[in-house]
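Reading through the structure tokens given below for one structure.
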Amino acid sequence: MKINIVGTSGSGKSTLAKKIANKLSIPHIEMDELFWGANWTPVEPEVFQNRLKAVLDQPAWILDGNYTKTQELKFQKAEMVAWIDLSLARTMAQALKRAICRIVSGKELWKDTGNVETLGKLFSKESILKWTWTTHKKTG
């Protein structure tokens, strides 16, 4: 089974993907993990594409994430696409809860990147809350 779960940031893509992956015993891949390098720097586009291609060549997977520039590649391989479309209020609440949990835990988000959520980042111009608010209409 090859499934891509899409929706706006904070909609619950990763949570749903992890549950389905565990139930089906297939790999769960976060597109953010493929995209982000150390210190919140995106990897080179070619690196991102190569990482994604390697994942998509696996016999089974559940992928969570949008990344519009990857749609053609993902949708050629996916057997199913699930779109999570929640209200802005619910999505914002979930994004805030997730950010607070990540800040409190201090846990590195993706191995060997050093990327962690911080209070400063939460209230910066790169805030996940700002991103969620501004992209909800397009991806929600």
query: Which members of the range 13-49 meet the condition of being of a type in the set (S, T, N, Q), open to solvent by less than 70 Å² (accessible area, probe 1.4 Å) and either touching a residue at least 40 places away in the same chain (Cβ under 8 Å) or under 22 Å from Arg90 (Cβ atoms) (or both)?
result: Ser14
statement: Among the residues of the range 104-120, the number that are open to solvent by 50 Å² or more (accessible area, probe 1.4 Å) and either free of Cβ contacts under 8 Å to residues at least 40 places away in the same chain or within 18 Å of Gly65 (Cα to Cα) (or both) is 8
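For residues that are over 14 Å from the mean Cα position of the chain (by Cα) and either surrounded by 16 or more Cβ atoms within 10 Å (Cβ to Cβ) or not acidic (Asp, Glu) (or both), tally how many sit in the range 75-84. If you could, list the steps in order and put the result at the bottom.
Taking the range 75-84 first, the residues over 14 Å from the mean Cα position of the chain (by Cα) are 75-81.
In the following step, the residues that additionally are either surrounded by 16 or more Cβ atoms within 10 Å (Cβ to Cβ) or not acidic (Asp, Glu) (or both) were identified as 75-78, 80-81.
Here the count works out to 6.
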query: Out of (1) at pLDDT below 95; (2) open to solvent by less than 20 Å² (accessible area, probe 1.4 Å), what's the single condition that is false for Leu56?
result: (1)
task: Hey, could you check the range 123-140 for residues that are in contact (Cβ under 8 Å) with a residue 24 or more places away in the chain and assigned to a loop (DSSP other than H, G, I, E, B) and say which is surrounded by the most Cβ atoms within 10 Å (Cβ to Cβ)?
output: Gly140
statement: Checked pairs for the range 87-103, first under 14 Å from Gly12 (Cβ atoms), second open to solvent by 70 Å² or more (accessible area, probe 1.4 Å), C-beta under 7 Å and 6 or more apart or across chains, list as Met92/Trp133
message: Consider the range 62-73. How many of its residues are open to solvent by less than 60 Å² (accessible area, probe 1.4 Å), over 14 Å from Met1 (Cβ atoms) and out of contact with any Ser or Thr (no Cβ under 9 Å at 6 or more places or on another chain)?
response: 3
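The values are calculated or read from the model by the stated rules, or taken from the named source; none is laboratory data. On a predicted model such as this, the values are computed, not experimentally measured, just so you know. In this analysis, Cβ positions are derived from the backbone assuming ideal geometry, glycine residues included, and neighbour counts consider all displayed protein chains. Just the protein is used for accessible areas: all its heavy atoms, side chains included, with ligands, DNA and RNA removed. Shrake-Rupley method; radii C 1.70, N 1.55, O 1.52, S 1.80 Å.
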